[in-house]
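Step one of this worksheet: look at the structure below.
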Amino acid sequence: MIWVVDDDSSVRAGLSSFLRSFDYDVVTFESGLEMLAALGTPPPRCIISDVQMPGMSGVDMFLRMIGAGYRIPTIFITAYPMPELQNQALENGASAFLIKPVRGNDLADAVATAIAQ
């Protein structure tokens, strides 16, 4: 199962459709807080998260997840690359940090790599 976290419903729908075409089960969340609340359920094999979201950034969500003891392979996607956030995410174990628009092959490769971790 893959969890997708993005505040944009069209991005969630597009990523879900793309991932399902590879036979992945997908659950979507519109915020980091919503995703964090679901951590008590069976964990996903991978998380794909936007970086810039209202209320809590994807990187803040990731750091809270780690602080709660969860080490789930996480791929970040963003239209606004900021080196400091990218470095923070990767230094804390993020699987990938991709820039929008993300090419399908790049995302598929990142997911396969994350799941293999």
query: THR28's amide H: which non-local residues (gap 5+, or another chain) put their own amide H closer than 5 Å, with H modeled 1.01 Å from N in plane and none for Pro or chain starts?
result: VAL4
query: So what's the Cα pair-distance distribution over the chain, bin width 10 Å, in %?
result: 14, 54, 31, 1
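Between THR41 and ARG103, how high is the FRET efficiency from 1/(1 + (r/R0)^6) when r is the Cβ-Cβ distance and R₀ = 22 Å? Nearest 0.05. Spell out each step's value before the answer.
Details: r = 31 Å, r/R0 = 1.41.
Efficiency, from the Cβ-Cβ distance: 0.10.
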query: Each residue of region 68-85 in turn: what ³J(HN,Hα) in whole Hz from Karplus with 6.51, -1.76, 1.60 and θ = phi - 60°, glycine and Pro shown as x?
result: 8, x, 9, 10, 9, x, 10, 10, 9, 10, 7, 8, 10, x, 10, x, 5, 5
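Nearest-5 percent of antiparallel DSSP beta bridges in the chain?
Taking every DSSP beta bridge within the chain, about 0 percent pair in antiparallel fashion.
The numbers here are math on the coordinates, done by the rules we state, and not lab data. Note that the structure is predicted; figures quoted are calculated from it, not measured. Glycine gets a Cβ as well: all are built from the backbone with ideal geometry, and neighbour counts include every protein chain shown.
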